[in-house]
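Since the structure comes first, as structure tokens, the remarks are kept for the end.
The numbers here are math on the coordinates, done by the rules we state, and not lab data. All values derive from a computational prediction rather than experimental measurement. Cβ: placed from backbone, ideal geometry, glycine included. Neighbour counts: every protein chain shown.
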Amino acid sequence: MTLAMLLLLLAAWAPVADNLLRPFESKYAAWEQWPEVQDIEAVVVLGGGWQPDRPWSITGRFSEGSGLRLMEGLRLWHQRPDLLLVVSGGGKDSKMTMAHGYAEAAEALGVPSKSIITLASPNDTAEEAKAVQALFGEGAQVLVVTSASHMPRAMRHFEAAGLAPVAAPTHYLADRAEGLGLAYWLPSARELRKTERAIYETLGLLAIQWEH
């Protein structure tokens, strides 16, 4: 019992949580601006948390991660409005999936409907990669937007699907503490969620090896 409590406290401690999550989030650099020469066919925003039944605004129904993914996707698309914006994600209601929510918000934020492609059937990252490959074909180069901790796994899935993905990470969780005050050294549920995320992504990468 003592060992279990010690492990729980360590998992909820910022120095441990940040060090576990940082390798995932730092593997791919942020995409700050488009290079002059880059043969990318689309900006692809991967799905995340979504609560379509809530009586909130369309943006309020996104989880923090989903909202930031869409925001980053829109920021990049507005720099290259000649490209397609692909939004992905399934859901229980086939008429209002994650992809439909993304598309509605994107249109409200200035993206014309003709530039948006919704992939409403994928329910996980592997299915998203296969759907994008079916859309653009073998070897297509696409800009993948997802949470920084999820990016290593997403890139593996897109590469396994025969695509040439380019990473555009966002939604960073590690190293967000401002200074090293007392709160940084106290265990908290926020830090425990970071550790949980690191473990989840580790297991996800292992699962890819078994699948392929």
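For the chain, adding -39500 (n - 2.57) for each run of n ≥ 4 DSSP H residues and dividing by the number of residues yields -14500 deg cm²/dmol at 222 nm. Taking label points 7 Å from Cα along the Cα-to-Cβ direction, GLU138 and ALA189 give a separation of 5.0 nm. A straight Cα-to-Cα reach below 19 Å connects LYS95 with the lysines LYS114, residues fewer than 8 places away in its own chain not being considered. State whether segment 35-181 is rounded, prolate or oblate according to the following rule on the C-alpha gyration tensor (a ≥ b ≥ c being the square roots of its eigenvalues): a/c under 1.5 gives rounded; otherwise a/b larger than b/c gives prolate, and the remaining case gives oblate. The shape class here is rounded. Secondary structure note: in the chain, about 5% of the DSSP beta bridges are antiparallel.
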